[in-house]
Amino acid sequence: MRSVRFGIVGAGLIGRRHAKAIAQAEGAELTALADPDPRAAGVASDLDVPLFSTLEEMIQSGLCDGVFLCTPTAMHGDGGMACIAAGMPVLVEKPIDSDVLAARRLVEAAEAAGVPLLTGHHRRHNPLIAAAKAEIDRGALGRIVSAHAMFWLMKPDDYFDVPWRRQKGAGPVLTNLAHDLDLMRYLVGEVASVYALSSNAVRGNPVEESCVVTFDFSNGALGTANVSDTIVAPWSWEITTGENPAYPVTQESCYQIGGTEGAIDLPSGRVWSNPAMRSWWEPLTVRHSPRAAGDPLVLQAEQFARVIRDGEAPLVSGREGLRTIELIDAVLRSAESGARVYLEE
Ligand SMILES: NC(=O)c1ccc[n+]([C@@H]2O[C@H](COP(=O)([O-])OP(=O)(O)OC[C@H]3O[C@@H](n4cnc5c(N)ncnc54)[C@H](O)[C@@H]3O)[C@@H](O)[C@H]2O)c1
């Protein structure tokens, strides 16, 4: 199997995690890094790859078959466009851009050029999500009626010492809920409209710290999401899945999805049903949805390699990333205006 050569742009928090994931991925190798920050020299030397100060120089070196774009969110559109113009397949970290128009331009350019564009919603690569999707798609829950996502945790005080983290656009809706709503879209379907309320009552920063969202899916199901980064609680993806070893893990659930034949809670993967007759008088039985092991970042890198080498369709395309950021934008607009916001088909 030919090894696909990857370059990483942006040697920050997530760029360094991708470097580790690529090292473990089958059929992939890291061959270059680009970052203008002087601190990146140490990262490149530890990884034993050449360092470039720009994305363009890295592409021109001919050392890469694909790029992981891990720069700050507002730079995703421009960096992605540079890759597409050079015919270079690119995985853009999530969110695909904070600006919906920039994201749309990028997706349209990639589709017109026929260059693979992927979005780094890596949680879709988690085997527990693949298992839940298989349960839903084979009808184990019947017709989906409602879904709920929780993201409650406490970001410590010093997190907000960095000025941009106190400003609008840097809050848990764009940073964290984007992951949860992407999974709701993936598992249940497209969202038709949203109504959101947000609050900054505890810290008083310009950015929201809490937000509650109600939404309806185009297939008729209803949804709720509840996000806050100022609550001490165990119910978030971070603190329930163990996906990122930096967070202490609990055995709680953060998502519930229910249908006419049963319900599943995640990440436990417990599927609840009434085997004899559907009724509140009947005992509920529970089984665990079967799933494989695997690190989603490694699985994502392996899929990106297959997209380039074998022409496989991306699990999370640029257009999927765009639909998720359109949904997040609708949540923010609804919270700002107090009105229900409808998404275009
Ligand atoms: N998938 C996830 O779970 C996840 C987790 C963390 C961050 N992210 C996303 O990844 C992106 C980066 O976040 P981060 O926390 O790693 O940020 P970061 O600030 O830690 O790292 C960003 C890096 O980009 C570099 N950079 C800036 N301008 C550049 C340029 N022109 N060319 C090359 N490099 C440049 C910076 O020097 C820095 O090293 C954000 O969009 C964020 O939302 C995703």
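Any read-out appearing in this document is the output of simple, stated calculations on the displayed coordinates, not a laboratory observation. Computed from a predicted model, the values in this text were never measured in an experiment. So basically every Cβ, Gly included, is an ideal-geometry build from the backbone, and we count neighbours across all protein chains shown.
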note = Within the chain, the percent of DSSP beta bridges that are antiparallel, given to the nearest 5, stands at 60 percent
message = Please enumerate, by chain and number, the lysines with C-alpha under 19 Å from the C-alpha of Lys155, excluding those fewer than 8 residues away in the same chain.
response = Lys168
task = Would you grab the residues whose amide H sits under 5 Å from the one on Phe52? Only those 5+ places off in sequence or on another chain, please, with H modelled 1.01 Å from N.
result = Leu33, Ala34, Asp35
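Summing +1 for each Lys or Arg and -1 for each Asp or Glu, what net charge is found among the other residues whose Cβ lies under 14 Å from the Cβ of Ile84? The partial results should precede the final answer.
Numbers: positive: Arg104, Arg105, Arg319; negative: Glu56, Asp78, Asp97, Glu108, Glu111.
Result for the neighbourhood of Ile84: -2.
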Residue among Gly171, Ser268, Val207 farthest towards the positive dipole end of the chain, charges placed on Cβ = Ser268
query = If Lys and Arg each add +1 and Asp and Glu each add -1, what is the summed charge of the other residues whose beta carbon sits under 14 Å from the beta carbon of Arg165?
reply = -2
ask   = To the nearest 20 debye, what is the magnitude of the charge dipole of the chain about its Cα centre, counting +1 on the Cβ of each Lys and Arg and -1 on the Cβ of each Asp and Glu?
value = 580 debye
ask   = Where nothing but the Cβ of Lys and Arg (+1) and of Asp and Glu (-1) is charged, how large is the charge dipole of segment 268-345 around its Cα centre, in debye to the nearest 20?
value = 360 debye
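Please report the net charge: other residues with Cβ closer than 11 Å to the Cβ of His148, K and R +1, D and E -1.
Values: positive: none; negative: Asp180, Asp265.
Value of the local net charge: -2.
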note = Percent relative contact order for segment 262-345, counting Cα pairs under 8 Å at least six residues apart, stands at 14 percent
ask   = Say the dipole of segment 233-345 comes from +1 at the beta carbon of Lys and Arg and -1 at that of Asp and Glu; which of Tyr342, Thr285, Val249 then lies farthest toward its positive end?
value = Thr285
